[in-house]
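Some notes on the structure that comes next.
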Amino acid sequence: ITISGRRGNHEALPVAGKTIHIPFNRNSLTLGFSFPHFSGEIPGFQAYAEGLDASWSEPAGVPVFQFTRIPPGDYTILVRAVNNWNRGSKEEEVRIVVARPGISADGAL
């Protein structure tokens, strides 16, 4: 998990739990996931951010997803692997909380 701001300063975040708090000035997010071998086929990978996306993303060849300029709020990002028939694997989820401007990621002023 990497966050960045408008200036492109990237910061890797430790994966400790399922909720990630990020400050507003670093509201772009890159998530990389690892999936077990899904089937004998080459899988595609999809993401869906509840509250940001209207539907699942088109299948991608690598399980890396980018979300840029995320507005303040709470979001759940779901990821999955899919086969050629669009059958999905078990969904994994990460919850993110983007702080409002002027508020730290942990909620302090």
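Observations on the structure shown:
- Enumeration of residues in segment 72-109 that are modelled with pLDDT of 85 or more, more than 19 Å from F35 (Cβ to Cβ) and open to solvent by less than 60 Å² (accessible area, probe 1.4 Å): P72, G73, Y75, I96, V97, V98, A99
- Tallying residues that are among the polar types (S, T, N, Q) and over 14 Å from the mean Cα position of the chain (by Cα) within segment 56-102 yields 4.
- Checklist (1) open to solvent by 80 Å² or more (accessible area, probe 1.4 Å); (2) part of a strand (DSSP E or B); (3) at pLDDT 90 or above applied to A49, failing item: (1)
The values are calculated or read from the model by the stated rules, or taken from the named source; none is laboratory data. Note that the structure is a prediction, hence the values are computed from the model and not measured. Quick reminder, even Gly has a Cβ in these numbers, built from the backbone with ideal geometry, and neighbours come from all protein chains shown. Accessible surface is based on the protein model in full, side chains and every heavy atom, while ligands, DNA and RNA are left aside. Shrake-Rupley method; radii C 1.70, N 1.55, O 1.52, S 1.80 Å.
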